[in-house]
Amino acid sequence: MKTVKTMLMGLALLFAFGTAGAATPSGSKPTKDDVFNTYLNAIVHGKLNGIDDAIDNDAEFNYIRGDNVNRITKQQVINALKSDENVEQNCQCTRSVVQDSDDLSTLKVEMKYAGFTRVDVITAQRAGNGWKITKVDTSYK
C-alpha cells in the first residue's frame, strides 16, 4: 500500500509541476500581443519587465514635434523609460489596429492627457524568435 501511495504522490507532483511549467514555458516565442502589451505597460504604467526583449535592436523611434522629426535609438528609449519606471501616466489610453497580417502588425495608441494627446503608431514584425517591435512613430496634438 505504501508503494501505491508513493507512486500516486509522485504522479500528482509530476502532473502539478508539468502543468505549472506549461502555463509559462521558458524560451517561448513572444506573440504580437505580448510585445504590444509589454511596450504599453512600459510607456503607460512604467512597468519595464521584458521591454528590452520586446524591442528589436535595430528598431526606429521617430518623435514628431511640429516641423521637426527626432530619431532616437532603442537604448535612448530604454534609458528614458528607466527614468520613469513605476510612474503611472495620468492619461486615458485607447488603441486600435491599423494593419494586421501573419508577419506584420501595426497598432495606433492614443494617450489623452488634460491638454494634449500623444499618438504612437507601433509596428511589430515576426522574427525567427517571435515578434519584435521594429518601429514607433510618436506625434503630439
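The values are calculated or read from the model by the stated rules, or taken from the named source; none is laboratory data. Quick caveat: nothing in here was measured; it's all calculated off a predicted structure. No Cβ is skipped: glycine too gets one built from the backbone with ideal geometry, and neighbour counts run over all protein chains shown.
Any idea which residue in the stretch 94-123 is surrounded by the most Cβ atoms within 10 Å (Cβ to Cβ), counting only those that are under 18 Å from Thr31 (Cα atoms), among the hydroxyl-bearing types (Ser, Thr, Tyr) and under 16 Å from the mean Cα position of the chain (by Cα)? It comes out as Ser105.
The single residue among Gln75, Gln92 that is over 17 Å from Lys132 (Cβ atoms) and at pLDDT 95 or above turns out to be Gln92.
Within the stretch 33-46, residues that are aromatic (Phe, Trp, Tyr) reach partners that are part of a helix (DSSP H, G or I) with beta carbons closer than 6 Å, at six or more positions or on different chains, in the pairs Tyr39/Ala54.
To keep it simple, each residue is scored yes or no on (1) surrounded by 14 or more Cβ atoms within 10 Å (Cβ to Cβ); (2) among the acidic types (Asp, Glu).
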| position | (1), (2) |
| --- | --- |
| Tyr39 | yes, no |
| Asp53 | yes, yes |
| Arg65 | no, no |
| Gln92 | no, no |
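Reported count of residues in the stretch 64-103, each being outside any loop (DSSP other than H, G, I, E, B) and polar (S, T, N, Q), is 10. Suppose the filter is free of Cβ contacts under 8 Å to residues at least 12 places away in the same chain and either surrounded by 11 or more Cβ atoms within 10 Å (Cβ to Cβ) or out of contact with any Pro (no Cβ under 8 Å at 6 or more places or on another chain) (or both); does Asn57 pass it? Against the criterion (free of Cβ contacts under 8 Å to residues at least 12 places away in the same chain and either surrounded by 11 or more Cβ atoms within 10 Å (Cβ to Cβ) or out of contact with any Pro (no Cβ under 8 Å at 6 or more places or on another chain) (or both)), Asn57 does not qualify. Considering the stretch 98-141 alone, what residues qualify as being of a type in the set (Phe, Trp, Tyr) and more than 16 Å from Tyr39 (Cα to Cα)? Matches in the stretch 98-141: Tyr113, Phe116, Tyr140. Inspect the stretch 117-139 for any residue being at pLDDT 95 or above and part of a loop (DSSP other than H, G, I, E, B) and give the result as yes or no. No, the conditions are met nowhere in the stretch 117-139. Only residues that are closer than 13 Å to Arg95 by Cβ and crowded, with 20+ Cβ neighbours inside 10 Å were counted across the stretch 41-51, and they come to 1.
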